[in-house]
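K.L.:
If you scroll down you'll find the structure; I have some questions about it.
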């Protein structure tokens, strides 16, 4: 798996060298993705899944602050199970997909995003509570897609985001616990 990550990093213009080895090592020294700059570096895990950390480029502090405000407001609505408010922070494409899925499994009964979240419950929004203790720590961006990352009280978290009409939107119903 590490070899695939090195290939991904090299394909993104990172120029990582493995010294000819196929296991992602160079004489026993681990290759850490030289293209990962800024706050995203603190999320790198030796021998771990670093695909998010190698995704795109780190956003500016201003973009991180904009995305962070969205994540903070969304997190409050999600934890309060205020589905109407929760849905206000979803990208249009994600909200449509969520409604389509719920509509399909309920034989057409669910027709709105809040009703879809209510129907799916914890399976959609997760049961992790509010994992955000402050602003997000990293925002890895490539085109309209991004991954927000933050250190929670006990674990690290990742959240797919999307930019639409110049604003950041949440692109999934629940944060993802960082795989180590």
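All of the numbers you see were taken from the coordinates with simple rules; none came from a lab. Just so it is clear, the structure is predicted and the values come from calculations on it, not from any experiment. Counting neighbours? That spans all protein chains shown, and the Cβs are built from the backbone with ideal geometry, glycine included.
K.L.:
Rounded, prolate or oblate, given the Cα gyration tensor of the range 116-180, with a/c below 1.5 counting as rounded?
P.N.:
oblate
K.L.:
Using a 10 Å cut-off around each Cβ, can you sort 91, 128, 60 from fewest to most neighbouring Cβ atoms?
P.N.:
60, 128, 91
K.L.:
Which distance in nm do the two modelled labels at residue 82 and residue 63 give, with both placed 7 Å along the Cα-to-Cβ direction?
P.N.:
A separation of 2.9 nm, rounded to one decimal place.
K.L.:
Would you mind classifying the range 61-101 by shape? Square roots of the alpha carbon gyration tensor eigenvalues, ordered a ≥ b ≥ c; an a/c under 1.5 is rounded, otherwise it is prolate if a/b is larger than b/c and oblate if not.
P.N.:
Note, shape of the range 61-101 comes out oblate.
K.L.:
Only counting other Cβ atoms within 10 Å, I'd like 43, 55 sorted with the fewest neighbours first.
P.N.:
The order, fewest Cβ neighbours first, is 55, 43.
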